[in-house]
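Working notes for the structure below.
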Amino acid sequence: MKQEKLRQRARMDSLTGLLNVGAGKRRVEKLLEAQKQRMSGYNALFLMDIDDFKKINDTMGHKKGDEMIQCFVRVLKRTFRAEDVIYRMGGDEFAVFVERLQMPDLNMDTILRRLRAHIEEARREFPFLSVSTGAYLTNGFHTYDEYYVEADRALYETKKKGKNHDTIHKSTEGADHR
């Protein structure tokens, strides 16, 4: 029993109850490995960053910062499906892996609209909540690291646009579209 609790603690982020980055990455890698056999649909990796979180933490205090993170986790859980892999990268950064998107452009648009609507609702509690998102969508087989690099590039582009936006990079069978 103690062993299992220790293993659980090693996989989970204590503040949010989400998988931590190591456990999230391993889960996604297992899903990608299983997909090699069936190649079904599109997958996407979303990277999200709470904008200006350090400033919020510094001015409002760490307790309020923790509450904002927990509020954003509720946003993620309402936005994404139960089978999607939601995990905390660290600090104010989160990732979500979504597999088997059958109508990728429509699905991505729907996900991002829902995310923005839920963030807007959360702003009633945290008026300064602002989130930048970068995502990578593909139907070809890619490694976790390839997903991460492209989603991170998309997130960087979002930050350059002025934050609180979304950027999606797409790849279909080897052809990149941005």
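The values are calculated or read from the model by the stated rules, or taken from the named source; none is laboratory data. Just so we're clear, the structure is a prediction, and the values are computed from it rather than from any experiment. Don't worry about glycine lacking a Cβ; one is built from the backbone with ideal geometry, like all the others, and counts go over all protein chains shown.
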Practice problem: Please work out which one of (1) surrounded by 14 or more Cβ atoms within 10 Å (Cβ to Cβ); (2) closer than 21 Å to L18 by Cβ; (3) touching a helix residue (DSSP H, G or I) at 6+ places or on another chain (Cβ under 6 Å); (4) not aliphatic (A, V, I, L, M) is the condition Y148 fails and give its number. | Solution: (3)
Quiz item: Of the residues A135, A154, A175, A117, which is among the aliphatic types (A, V, I, L, M) and modelled with pLDDT under 95?
Solution: A175
Self-check item: Hey, G41 among the small types (G, A, S) and under 26 Å from L129 (Cβ atoms) or not
Solution: no
Quiz prompt | Pairs with Cβ under 6 Å, 6+ apart, first in the stretch 24-44 and touching a residue at least 24 places away in the same chain (Cβ under 8 Å), second part of a helix (DSSP H, G or I) | solution = K25/Y144; V28/Y144; E29/Y144; Y42/P104
Quiz prompt | Within the stretch 13-116, helices (runs of 4 or more DSSP H) holding 3 or more residues that are over 27 Å from P127 (Cα atoms) | solution = 21-38
Exercise. Tell me, yes or no, whether the stretch 147-159 has at least one residue that is in contact with a His (Cβ under 6 Å, 6 or more places away or on another chain) and of a type outside the set (S, T, Y).
Key: yes
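To keep it simple, each residue is scored yes or no on (1) within 17 Å of K25 (Cα to Cα); (2) touching a Ser or Thr at 6+ places or on another chain (Cβ under 7 Å).
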site: I69; (1), (2): no, yes
site: T79; (1), (2): no, no
site: R88; (1), (2): yes, yes
site: R123; (1), (2): no, no
site: Y136; (1), (2): yes, no
site: Y148; (1), (2): yes, no
